[in-house]
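What follows is a set of notes on a single structure, which appears directly below.
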Amino acid sequence: MLFIDFEKAFDSIDHHVLFDAMFKLGLPQEIIDIVTQLYKDTYSDIITGLGITKPIHIKRGVRQGDILSLLLFNLFMECLTRCLQMTGLGYTFAANTAINIAMILFADDMALIINSSVKLQKLVDQLKQAIANTGLKININKTVFATNKYVTTNAISVNGTQIHFIPQ
């Protein structure tokens, strides 16, 4: 099992990736257009001891405190999970091989679940590929790998860095 922490998840998703997720999930174009208008030409400035900065164009992240933010992030995560589920990789129950669970999610946390460490590494590689151009990044320092007595390896890596292993 790999417990993944995404680095500044709500702040990192590219706006165009959010709009694309809504389209892929079949939301009406009118809704996509409204959300696009909400995020179009979004700027912010920072008040410092020396004054106010020039406007900064915001191209990533969902708005803090906005009622739509959690929904938009979840739409993105739904696209991501569908992509990973299409691999067919996941934990298969011995008592019912028709059930295959690749991951569990809560807010911006993800746990990848699988029967073998080789397949887990394949799923991690698929995840890296799926998030490559989205702005989402795996926080390697807060991501951990755990096994049970049936899995013999303790080596899973992301971007060439071995993930911290938690022994049983």
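Checking the structure you have, find out if any residue of region 48-57 is open to solvent by less than 70 Å² (accessible area, probe 1.4 Å) and in contact with a strand residue (DSSP E or B) (Cβ under 9 Å, 6 or more places away or on another chain). For region 48-57, residues open to solvent by less than 70 Å² (accessible area, probe 1.4 Å) and in contact with a strand residue (DSSP E or B) (Cβ under 9 Å, 6 or more places away or on another chain): present. Tallying residues that are at pLDDT 90 or above and either at positive phi or open to solvent by 20 Å² or more (accessible area, probe 1.4 Å) (or both) within region 114-133 yields 9.
Condition check ((1) modelled with pLDDT under 95; (2) out of contact with any Phe, Trp or Tyr (no Cβ under 9 Å at 6 or more places or on another chain); (3) open to solvent by 60 Å² or more (accessible area, probe 1.4 Å)) across all residues:
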residue: Ile31; (1), (2), (3): no, yes, yes
residue: Gln64; (1), (2), (3): yes, no, yes
residue: Leu89; (1), (2), (3): yes, yes, no
residue: Phe93; (1), (2), (3): yes, yes, yes
residue: Thr97; (1), (2), (3): yes, yes, yes
residue: Ala102; (1), (2), (3): yes, no, no
residue: Leu112; (1), (2), (3): yes, no, no
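With Asp33, Asp41, Asp20, Asp45 as the choices, which residue is farther than 21 Å from Met110 by Cα, in contact with a strand residue (DSSP E or B) (Cβ under 7 Å, 6 or more places away or on another chain) and either in contact (Cβ under 8 Å) with a residue 12 or more places away in the chain or of a type in the set (Asp, Glu) (or both)? Being farther than 21 Å from Met110 by Cα, in contact with a strand residue (DSSP E or B) (Cβ under 7 Å, 6 or more places away or on another chain) and either in contact (Cβ under 8 Å) with a residue 12 or more places away in the chain or of a type in the set (Asp, Glu) (or both) holds for just one of Asp33, Asp41, Asp20, Asp45, which is Asp45.
Residues that are open to solvent by 90 Å² or more (accessible area, probe 1.4 Å) and either over 30 Å from Ile58 (Cβ atoms) or touching a Leu at 6+ places or on another chain (Cβ under 6 Å) (or both): does region 134-143 have at least one? Before the answer, list the steps.
Filtering region 134-143 for residues open to solvent by 90 Å² or more (accessible area, probe 1.4 Å) gives 137, 141-142.
The next check asks that each one be either over 30 Å from Ile58 (Cβ atoms) or touching a Leu at 6+ places or on another chain (Cβ under 6 Å) (or both); those that pass are none.
No: zero hits.
Out of region 61-106, which residues are of a type in the set (Gly, Ala, Ser), in contact (Cβ under 8 Å) with a residue 24 or more places away in the chain and assigned to a loop (DSSP other than H, G, I, E, B)? Correct list: Gly61, Gly90. Val35 meets all of the listed conditions (1) surrounded by fewer than 18 Cβ atoms within 10 Å (Cβ to Cβ); (2) over 20 Å from the mean Cα position of the chain (by Cα); (3) among the hydrophobic types (A, V, I, L, M, F, W, C) but one, namely (1).
Let's see how each residue does on (1) exposed (fewer than 15 other Cβ atoms within 10 Å of the Cβ); (2) among the β-branched types (Val, Ile, Thr); (3) at pLDDT below 95:
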| position | (1), (2), (3) |
| --- | --- |
| Tyr43 | yes, no, yes |
| Ile67 | yes, yes, yes |
| Leu70 | yes, no, yes |
| Leu75 | no, no, no |
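Mind checking which residues of region 1-58 are closer than 30 Å to Phe165 by Cβ and part of a strand (DSSP E or B)?
Looking only at region 1-58, we keep the residues that are closer than 30 Å to Phe165 by Cβ, and these are 1-13.
Correct list: Leu2, Phe3, Ile4, Asp5, Phe6.
The values are calculated or read from the model by the stated rules, or taken from the named source; none is laboratory data. Just so it is clear, the model here is predicted, and its values are computed rather than measured. When we count neighbours, we look across all protein chains shown, and the Cβ atoms used for this are built from the backbone with ideal geometry, even at glycine. Each accessible area value is taken on the protein alone, full model and side chains, heavy atoms only, with ligands, DNA and RNA left out. Shrake-Rupley method; radii C 1.70, N 1.55, O 1.52, S 1.80 Å.
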